[in-house]
Number of protein chains: 2
Amino acid sequence: MATITKVSPLAPAAFPDLPAIDGVRFATVEAGVRYQGRTDVMLAVLDPGTSVAGVFTRSKTRAAPVLDCQAKIGGPSEGPAAILVNSGNANAFTGHYGQTSVAEVTQAVSKATGVPVERVFTSSTGVIGEPLPHDRIITQLEVLKSGFSRHAIEDAARAIMTTDTFPKGASAQVEIEGKTVSIAGIAKGSGMIAPDMATMLVYIFTDAQVDQSALQTMLSAQTDRTFNCITVDSDTSTSDTLLLCATGASGVDATGNSAFAEALERVMLDLAQQVVRDGEGATKFLEICVTGAASDADAKVHGLAIANSPLVKTAIAGEDPNWGRVVMAIGKSGAAADRDLLSIRFGDILVAEKGWVSPEYREEDAAAYMKGQDLVISVDLGLGDGSATVWTCDLTHGYIQINADYRS
Amino acid sequence: MATITKVSPLAPAAFPDLPAIDGVRFATVEAGVRYQGRTDVMLAVLDPGTSVAGVFTRSKTRAAPVLDCQAKIGGPSEGPAAILVNSGNANAFTGHYGQTSVAEVTQAVSKATGVPVERVFTSSTGVIGEPLPHDRIITQLEVLKSGFSRHAIEDAARAIMTTDTFPKGASAQVEIEGKTVSIAGIAKGSGMIAPDMATMLVYIFTDAQVDQSALQTMLSAQTDRTFNCITVDSDTSTSDTLLLCATGASGVDATGNSAFAEALERVMLDLAQQVVRDGEGATKFLEICVTGAASDADAKVHGLAIANSPLVKTAIAGEDPNWGRVVMAIGKSGAAADRDLLSIRFGDILVAEKGWVSPEYREEDAAAYMKGQDLVISVDLGLGDGSATVWTCDLTHGYIQINADYRS
């Protein structure tokens, strides 16, 4: 397995200072699941009454821990809850053995922590098709139990990394009825040396009190505008998992509160964009704003067609204002478009309109713009009110190097 | 514009020996549309009564010549017909000027050759968003007229190349009622140095006599199994055009003849596979056979999901038997799949079955297989009778180099 030594050029300067969330404690350990000399298991325990919502990969070949989590979300919400995550092995495409591993781990966590087994959620990320050495995790549970801390969320973010080049965290605080409610989340994703596919795991915690079904509804809607609007390479993981836990420890009921919903969406978007910024081989961060589409759904189809086009992504890597490839991607997306109504901007530069290059367009202006690290492409379809924004990174030799040059 | 000097390692040893098709003559010329020192315009004229069928890109931003051809296919079939193709400029996303250029060229061809304008078909391939210098083409029509030959199909194949690394041709002959009917075709596609998207042009000629509507029905069905089953990078051109011309000069009515249909499909598949073999940066040719799907349509969705996955394509490039990425691609495709019923083979090697790696699988066998140049991945879904085969190439540093490292 190759080692990534270089941090993404798009990484934030430092891990952010995240607020401790009342009602959540973290512990991490070196279990040696696959990696040596680093933590690879994190355990979070959540106070009784915590609402847990989740969204998961839609893959039809999803991993055993994902199936187990999906079966448990929306179930009984009494008692405490727990989340255990290991890196190094995805426990995906491991047949019946995979389900056995999940059962062994969740039962052991339940026994060690007193959390009812139907409230123990697990995720696994790393190599697929190899049996999870679950005993290595189970034997560390006593060590984990002795190490819980309210302040160990950065340690947790590091323990779930696979080939990520930096740990990812984000937070927000919002005043509700004179009290402060906090949200803090961590994510991993998009570093994928052989032999894995992109695996994105996200855990977000808040001390707000939110009814489980309201939490789930909010999470699903916001996922569509955040994590479901990012792409590195169009390949969907068998393990994608996002869990959102509301402990209620603040005593503030945020069910239906719009300020809380907005703060949560900011945290989700921040984490989602950090995943893109750690995209394999990424050297440019690209925002694609689509407006004037026949519907919001159409706008997203266009945005993702542009974001997933290898020709657009390589043009970005080459700092080439190749707007013809944007036209191509719009044309192939399948969503409604009219060649003669659409307009395209690179940053503030109007590139194309009325079915042709804009009369005031100067190639040298766009070429200068493309040298930036954070780029915006705006497309207006001129058809209706539909809009969407998606985020991606460029496609570089670094991507090929990570995924082709090394053997699993 | 970068120059491609190296021929694809997957190229055939030589251009094939194609039979002359009675009723078709070709001429080529150096018009200097964009390239210098090579032919860049080909003109084919077809005897009166020739049936012309066509299939075209579904892009919503398709080029002016495509729109013009689509409007003419299925129209009056009296009189001769003509096809003019230029390389170097795609006349795509060129607004009203693009339509003017098509009108100027088709009217000039009509005047020069006596072919009714509604039977003059044109294609353009090359840079997009720049006005087609149609006068350069029109001034060469007299030269073209003086150079017609029944035997110049290879010259025609060369004149339509853009960044292709080899000219592409294929043929078949079939006995019908004791007479020989011939089919010969040429194609260009998949070499795309900046600033173009993949542009695939295909022209197939036969001396069979086939009713236009029957020809169109056959062509559309066969395109779905041939050209619509290949992919280099999932990006769809604004100019894709396939024209099939049946001159009837053999005097043999092949309407509804199954031997003829099979021969035509072989020619189409041969040309389609040559396009893949000239895929940008390609070093491996990959056939993906999907069986046991819920439907043929589902099988094709799975096949294309595997063929378009950057992670599968980079694994092939790295000679890595990374079957987990195949599982991932099946899972994300959206078509029906059951993790525990599918099986995967690399060549004859059973890799995965029953939701896990096969017990007899040995990584070293698959690793040795992956060193080959022509590879087959077979997937059986275990669900039904649906099947499909698709073809693609690997994703290498060569692709990035061609599309990112050079400016347009």
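Can you tell which of A:Ala82, A:Ala13, A:Ala335 shows the greatest fluctuation in a Gaussian network model of chain A with Cα springs below 10 Å? Greatest mean-square fluctuation among the candidates belongs to A:Ala13. Remark: label point of B:Leu350 defined 7 Å out from Cα along the Cα-Cβ vector; separations to the same position in other copies 6.5 nm, ascending. Net charge dipole, the protein assembly as shown: roughly 520 debye, given to the nearest 20, about the Cα centre with Cβ charges of +1 for Lys and Arg and -1 for Asp and Glu.
Rank the residues A:Lys168, A:Lys313, B:Lys371 as a footprinting-exposure proxy: fewest other Cβ atoms within 10 Å of their Cβ go first.
Details: A:Lys168 27, A:Lys313 31, B:Lys371 9.
So the ranking, lowest neighbour count to highest, is B:Lys371, A:Lys168, A:Lys313.
Residue by residue, the stretch A:151-157 carries 3J(HN,Hα) couplings of 9, 9, 5, 5, 4, 4, 4 Hz when phi is fed to the Karplus relation 6.51 cos²θ - 1.76 cosθ + 1.60 (θ = phi - 60°); x denotes Gly or Pro. Under the combined filter of DSSP loop state and at most 12 neighbouring Cβ atoms within 10 Å, the stretch A:38-69 retains these trypsin sites (Lys or Arg not before Pro): A:Arg58. Of the residues A:Trp391, B:Ser87, A:Gly281, the one whose Cα sits farthest toward the positive end of the charge dipole of the protein assembly as shown, with +1 on the Cβ of Lys and Arg and -1 on the Cβ of Asp and Glu, is A:Gly281.
A simple charge model with +1 on the Cβ of Lys and Arg, -1 on the Cβ of Asp and Glu and nothing else charged puts the dipole of the stretch B:24-277 at about 320 debye relative to its Cα centre. Against chain A, whose longest principal axis is taken from its Cα atoms, helix A:212-225 shows a tilt of about 30°.
Please state the shape class of the stretch B:1-94: rounded when a/c is under 1.5, otherwise prolate if a/b exceeds b/c and oblate if not, all from the C-alpha gyration tensor. All intermediate terms of the calculation are to be shown ahead of the outcome.
Values: a/c = 1.78, a/b = 1.26, b/c = 1.42.
Because a/c hits 1.5 or more and a/b fails to exceed b/c, the stretch B:1-94 counts as oblate.
When only alpha carbons are used to place a centre, the stretch A:144-184 and the stretch A:280-298 end up 28 Å from one another. Plainly put, the tip 7 Å out from Cα toward Cβ on B:Leu67 is 5.2 nm from that tip on each other copy, the closest given first. A helix-only calculation puts chain B at -9000 deg cm²/dmol for mean residue ellipticity at 222 nm, using -39500 (n - 2.57) for each DSSP H run of at least four residues, averaged over all residues. When the alpha carbon coordinates of the stretch A:24-277 are projected onto the principal axes, the ranges are 50, 41, 32 Å, largest first.
Across the stretch A:24-277, the mean sequence separation of Cα contacts (distance under 8 Å, 6 or more residues apart), normalised by length, yields a relative contact order of 24 percent. Counting every other Cβ atom within 10 Å of each residue's Cβ, B:Glu142, A:Glu104, B:Glu130 order from fewest to most as B:Glu142, A:Glu104, B:Glu130. Dipole magnitude for the stretch A:285-404: about 380 debye, using +1 per Lys or Arg Cβ and -1 per Asp or Glu Cβ, origin at the Cα centre. When B:Ser343, B:Ser51 are arranged by Cβ crowding within 10 Å, least crowded first, meaning fewest neighbours, the order is B:Ser343, B:Ser51.
Projecting the Cα atoms of B:Ala14, B:Pro359, A:Met328 onto the charge dipole of the protein assembly as shown, computed from C-beta unit charges around the Cα centre, puts B:Ala14 farthest toward the positive end. Using a 10 Å cut-off around each Cβ of peptide A:123-134, what is the average number of partner chain Cβ atoms that fall inside? If you average over the peptide's residues, the count of other-chain Cβ atoms is 2.
For the stretch B:81-224, compute Rh as the Kirkwood radius over C-alpha pairs and then the Stokes-Einstein diffusion coefficient at 4 °C and 1.567 mPa s; write the answer in µm²/s, rounded to an integer.
Details: Rh = 16.8 Å.
Value of D from the Cα-based Kirkwood radius: 77 µm²/s.
Strictly over 19 Å apart at the Cα level, which of B:Lys300/B:Lys332; A:Lys6/A:Lys313; A:Lys284/A:Lys313; B:Lys6/B:Lys168; A:Lys188/A:Lys300; B:Lys111/B:Lys145 would you flag in this model?
On the way: B:Lys300/B:Lys332 14 Å; A:Lys6/A:Lys313 21 Å; A:Lys284/A:Lys313 9 Å; B:Lys6/B:Lys168 16 Å; A:Lys188/A:Lys300 24 Å; B:Lys111/B:Lys145 11 Å.
Checking Cα-Cα distances, A:Lys6/A:Lys313; A:Lys188/A:Lys300 exceed 19 Å.
A viscosity of 1.567 mPa s and a temperature of 4 °C, combined with the Kirkwood radius over C-alpha pairs in the Stokes-Einstein formula, give the stretch A:285-404 a diffusion coefficient of 91 µm²/s.
Just so you know, all these numbers are worked out from the coordinates, no wet-lab data involved. Everything numeric in this text was worked out from a predicted model, so none of it was measured. With ideal geometry, Cβ positions are generated from the backbone for all residues, glycine too; neighbour counts draw on all protein chains shown.
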